[in-house]
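Below is one structure, written out as structure tokens; comments come after it.
No lab work stands behind these numbers, since they all come straight from the coordinates. Just so you know, these numbers come straight off a predicted model, no measurement behind them. In this analysis, Cβ positions are derived from the backbone assuming ideal geometry, glycine residues included, and neighbour counts consider all displayed protein chains.
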Amino acid sequence: MKMNQFLKVSMCVAFAALVLSACTKNNQSADKPAPPAAGEVSADVLKKISDMGFSTTDVHKQGDDYLVEGDILLTPENFSEVVTSPTIRIAETEQYRTNNLVKKLPRTISISISNLPTVYKTATINAINRFNALNLTLRFKFVGSAGNIQVVGFNEGPSDGFITLGSSGFPTSAGNPYNQIRMNTNSQAYGTSPEVGYLTSVVEHEIGHCIGLRHTDYFNRAFSCGGAASNEGSAGIGAVRIPGTPSTGDSTSFMLACSNGSDRSYNANDKIALRYLY
Ligand SMILES: [Zn+2]
């Protein structure tokens, strides 16, 4: 999940008296990551990313993986997978699964955290409790170490007006959840004293990817991220809309590509999607 720095600045103005120190930095710091070199992502790879239904805007190569839509790591395995399952659609915006879901249900997935401040652990436990309150066939439990999903930190400042709040990936073809959630410890992501509800919402979002949820606003990231409209690929073909959900946008989903800085949890449509899948 990402946050737009311009939105963040405007929020900072509104709360200037409270959080001035967290807002005074801009993104001109020397440690700003360099943009990817021209040609780093080949046209062939971009075509595959588009065919998989993801945005080809702002694709970053990370080792053997590609980071798309701000916070989703696509692995070599993802690129070799063949789409065989229908996608599901909720509202006109999308709340649909990836090719793979977590299998062998009912099942409990363990989550651990390491080398992060206590507030991140509290947020992870809160996110687990919120998910379990949905009473699905998939559940989560917190463990001290070596969880099926491991929450780790990274420190990265803003780039191109956006800062990455956290990232993760999609389930494996064997039906296991993606095994890592990365949370940004940079003070420009959550401030020097992160608010636990905000952190919880980002952990919830990244868990959503780990079990197969894509961005709700894949069709147009400008919906949550602002800026120019950019359709996130062509995977709408074969989409099945869940009956009873609206045909308008879904402005409060926890799986929107960009955060609005609030504690955004499951809305009614998110719950319908999760109950449909699990
Ligand atoms: Zn995301």
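Step through the residues of the stretch 62-74 one at a time and calculate ³J(HN,Hα) from phi using the Karplus curve (6.51 cos²θ - 1.76 cosθ + 1.60, θ = phi - 60°), rounding each to whole Hz and writing x for Gly and Pro.
10, x, 8, 9, 10, 8, 10, 6, x, 8, 10, 8, 9
Show me the ranking of peptides 109-115, 53-59 by mean Cβ neighbours inside 10 Å, starting with the highest.
53-59, 109-115
Would you work out the relative contact order for the stretch 100-199, in percent, from Cα pairs under 8 angstrom that are 6 or more residues apart?
Relative contact order comes out at 34 percent.
Given a Förster distance of 25 angstrom, what is the FRET efficiency for Leu134 paired with Asn260, based on the Cβ-Cβ distance and rounded to 0.05?
Computed FRET efficiency for Leu134 and Asn260 comes out at 0.65.
Is there a pair in Lys104/Lys141; Lys121/Lys141; Lys48/Lys103 whose C-alpha atoms are over 19 Å apart, and which pairs would that be?
Distance filter (> 19 Å) returns Lys48/Lys103.
Checking the cross-link filter: which aspartates and glutamates have an alpha carbon closer than 20 Å to that of Lys271, excluding same-chain neighbours under 8 positions apart?
The qualifying aspartates and glutamates are Glu92, Glu94, Glu204, Glu206, Asp217, Asp250, Asp263.
Provide the net charge surrounding Val196, with neighbours chosen by a C-beta distance below 15 Å and charges set as Lys +1, Arg +1, Asp -1, Glu -1.
Charge balance near Val196 sits at 0.
How much FRET efficiency would the formula 1/(1 + (r/R0)^6) give for Glu40 and Lys121, where r is the Cβ-Cβ distance and R0 is 41 Å, rounded to 0.05?
That pair, Glu40 with Lys121, gives E of 0.70.
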